[in-house]
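Remarks on the structure that follows.
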Amino acid sequence: MPRLVERAEAGKLAVVGPATNRVSLTYVVNAAAAHVDAALALAAGGASAACAGRAYFVNQRDPVFLWEWIARVLTGVGAPPIRRKVSARTAYVAGALCEAAWSVLPLRGEPPMTRFVAQQLALDHTYDLAPAERDFGYRERVPLEEATQRTIEAFRASRAEA
């Protein structure tokens, strides 16, 4: 969140791609609860527990349209709206060029764009909770709407303290 807001405030945040991509988000309380749920299932069932040795995606039940969600959060924290747009292809090429420059030149910090980030900002990536629900009884503790509002409030509070 801080990077998104910083870039929006600096006028350096652009919508990547057609802005129709859906993504699964994960609120930290839900991620922590999933770890506890899995640990309890393992404690009860040991190596024979359905979740033993398996990896799971844990996310909010409902995916979001990424750029609508980002716009909502930016509005909520008082940041300016995104006014620029760049194609997914342009962002990907820019990412490749940045990666090359950062690997060859003595540049500090992280590249402003990478191929991975370009893809994350432009493509769908949603996940199914059913395996976690089935195998270790996971349930979402904080729904998306509340998680989004808590995120906005926490960000605002952290800025007020600074």
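Among the residues of region 61-69, is any assigned to a helix (DSSP H, G or I), closer than 29 Å to Ser158 by Cβ, touching a residue at least 60 places away in the same chain (Cβ under 8 Å) and touching a helix residue (DSSP H, G or I) at 6+ places or on another chain (Cβ under 8 Å)? Spell out how you get there, then give the answer.
Keep residues of region 61-69 that are assigned to a helix (DSSP H, G or I), which gives 66-69.
The next check asks that each one be closer than 29 Å to Ser158 by Cβ; those that pass are 66-69.
The next check asks that each one be touching a residue at least 60 places away in the same chain (Cβ under 8 Å); those that pass are 69.
Subsequent filtering for residues that are touching a helix residue (DSSP H, G or I) at 6+ places or on another chain (Cβ under 8 Å) retains 69.
Yes: region 61-69 contains one or more residues that are assigned to a helix (DSSP H, G or I), closer than 29 Å to Ser158 by Cβ, touching a residue at least 60 places away in the same chain (Cβ under 8 Å) and touching a helix residue (DSSP H, G or I) at 6+ places or on another chain (Cβ under 8 Å).
Candidates Pro106, Pro80: the one that is modelled with pLDDT under 95 and outside any strand (DSSP E or B) is Pro106.
A single member of Val77, Val36, Val58, Val64 is over 21 Å from Glu110 (Cβ atoms) and open to solvent by 40 Å² or more (accessible area, probe 1.4 Å), and it is Val36.
Tell me yes or no: at least one residue of region 89-97 is at pLDDT below 95 and of a type outside the set (A, V, I, L, M, F, W, C). Within region 89-97 (the criterion being at pLDDT below 95 and of a type outside the set (A, V, I, L, M, F, W, C)), the answer is no, since none of the residues qualifies. When residues in region 1-41 are screened for being touching a residue at least 40 places away in the same chain (Cβ under 8 Å) and assigned to a helix (DSSP H, G or I), 13 of them pass.
Conditions tested, residue by residue: (1) open to solvent by 40 Å² or more (accessible area, probe 1.4 Å); (2) basic (Lys, Arg); (3) in contact with a Gly (Cβ under 7 Å, 6 or more places away or on another chain).
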position: Lys85; (1), (2), (3): yes, yes, no
position: Leu129; (1), (2), (3): no, no, no
position: Ala132; (1), (2), (3): no, no, no
position: Asp135; (1), (2), (3): no, no, no
position: Ala157; (1), (2), (3): yes, no, no
position: Glu161; (1), (2), (3): yes, no, no
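Give me the residue from region 109-143 that is in contact with a Cys (Cβ under 8 Å, 6 or more places away or on another chain) and part of a loop (DSSP other than H, G, I, E, B) and, out of that set, nearest to Ala44 (Cα to Cα). Per the criteria, the residue is Thr114.
Condition check for Ala100 on (1) among the small types (Gly, Ala, Ser); (2) open to solvent by 40 Å² or more (accessible area, probe 1.4 Å); (3) closer than 23 Å to Thr151 by Cβ: one failure, at (3).
The values are calculated or read from the model by the stated rules, or taken from the named source; none is laboratory data. Since the structure is predicted, the reported quantities are computational estimates derived from the model, not experimental observations. A quick note on method: Cβ atoms are made from the backbone with ideal geometry, for glycine too, and the neighbour counts reach across all protein chains shown. Only protein heavy atoms, including side chains, enter the accessible area calculation; ligands, DNA and RNA are left aside. Shrake-Rupley method; radii C 1.70, N 1.55, O 1.52, S 1.80 Å.
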